[in-house]
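Trainee: Have a look at the structure that comes next, please.
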DNA sequence: GGTATTCCCTGCGGGC
DNA sequence: TGCCCGCAGGGAATAC
């Protein structure tokens, strides 16, 4: 990394120019993921924590490639190519941490366990104490990391559970079924490289394919793939929520 | 303390 | 054709 430029329109979190000298000359040693956060580990010790928000994307382009609108950061690399961060809606963020303890402390307060690491008894305990809707519970990253609106809807559909129900209304079998469905839905979404509703593309510039597999999300009024009852849409936790009123009880 | 709602932000699509 | 408005959703802030 030999230079950094950024747009005048900042992202959600303020970027301090003071950190930039610490980044220059660094090499990205490793890339990690926690929930929806990406962590770029630099060889000199600092970390860049990135959230893509809704429309954030990284691309590597050759020098001289015209800069698209909403390109907020450009990292000039040793081979003269550019690592660009573009985010149309500016819901994304890039945060600098001088060391590992910084981001670990930050995320410790904001992120629960990964779905694959979440012990069944801990999940059951979380459900049992919550009077919130399942939808709100799934979107709350402190309960379970990495589930967004689309995957919350698809997970509830796969588990055949109404997202309007409260956490504590689920019995043990239903709770386990939901956890298993979350894992399966996320595994499938990763296999398909995510969901491209409008803007999303992966780092290679390819669109995801999971949007073609949706059973509930975005299918308001269309027949359920299992029982042909029209898919219903309600608003929960401030988000549109799609479910089959027949299959999901 | 727990829960619900609002805000930011921009592009797209529908209605007029 | 062009304008206006509502909708989409991530986390944070605010309200209840």
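Trainee: I need the Kirkwood Rh of region A:121-165: take the reciprocal of the average 1/r across all distinct C-alpha pairs and report it in angstrom.
Mentor: Evaluated on region A:121-165, it is 10.7 Å.
Trainee: What whole number of Å gives the distance from the Cα centroid of region A:226-249 to the Cα centroid of region A:168-195?
Mentor: 16 Å
Trainee: Could I have the simple spin-label model distance between residue A:229 and residue A:68, label points 7 Å from Cα toward Cβ, reported in nm to one decimal?
Mentor: Calculated label separation equals 4.1 nm.
Trainee: To check my understanding: the extent here is largest minus smallest coordinate of the Cα atoms along each principal axis. What are those three numbers for region A:3-108, in Å, largest first?
Mentor: 38, 29, 24
Trainee: For region A:106-249, what's the relative contact order in percent, using C-alpha pairs closer than 8 Å and at least 6 residues apart?
Mentor: Result for region A:106-249 is 24 percent.
Trainee: Then there is this: Let's test the formula: R0 of 30 Å, r as the Cβ-Cβ distance of residue A:220 and residue A:169. What FRET efficiency results, to the nearest 0.05?
Mentor: Approximately 0.75, to the nearest 0.05.
Trainee: Calculated FRET efficiency, residue A:128 and residue A:43, Cβ-Cβ r, R0 35 Å, to nearest 0.05?
Mentor: Once rounded, the FRET efficiency stands at 0.20.
Trainee: So for region A:120-243, what percent of the C-alpha to C-alpha distances run longer than 26 Å?
Mentor: When all Cα pairs of region A:120-243 are counted, 19 percent exceed 26 Å.
Trainee: Next question, about the same structure. How far is it, in nm, from the label point at residue A:17 to the one at residue A:36 when both lie 7 Å from their Cα along the line to the Cβ?
Mentor: 3.1 nm
Trainee: Can you list the equivalent-ellipsoid semi-axes of chain A, largest first and in whole Å, using the square root of 5 times each Cα gyration tensor eigenvalue?
Mentor: 37, 21, 14
Trainee: Given a 10 angstrom Cα cut-off, can you work out which residue in A:96, A:106, A:192 is the most mobile in a GNM of chain A?
Mentor: Largest GNM mean-square fluctuation: A:106.
Trainee: If you count, for each residue, the other Cβ atoms within 10 Å and average over each peptide, how do A:52-60, A:136-144, A:168-176 line up from highest to lowest?
Mentor: Ranking the peptides A:52-60, A:136-144, A:168-176 by packing returns A:136-144, A:52-60, A:168-176.
Trainee: Still on this structure: For chain A, what's the relative contact order in percent, using C-alpha pairs closer than 8 Å and at least 6 residues apart?
Mentor: Relative contact order, chain A: 16 percent.
Trainee: Mind checking the full-extension length gain between residue A:89 and residue A:142? Use 0.36 nm per residue of separation minus the Cα-Cα distance, one decimal, nm.
Mentor: In short, 16.7 nm is gained.
Trainee: Sticking with this one: Normalised by the number of residues in region A:1-147, what is the relative contact order in percent for Cα pairs under 8 Å and 6+ residues apart?
Mentor: The value is 25 percent.
Trainee: Ok, one more. Would you list A:227, A:247 from fewest to most Cβ contacts within 10 Å?
Mentor: A:227, A:247
Trainee: Next up: Based on the Cβ-Cβ distance of residue A:24 and residue A:190, what FRET efficiency does E = 1/(1 + (r/R0)^6) give at R0 = 35 Å, to the nearest 0.05?
Mentor: 0.55
Here, each number is a calculation from the coordinates, and none is a lab measurement. Please read all numbers here as calculations on a predicted model, not as lab measurements. When we count neighbours, we look across all protein chains shown, and the Cβ atoms used for this are built from the backbone with ideal geometry, even at glycine.
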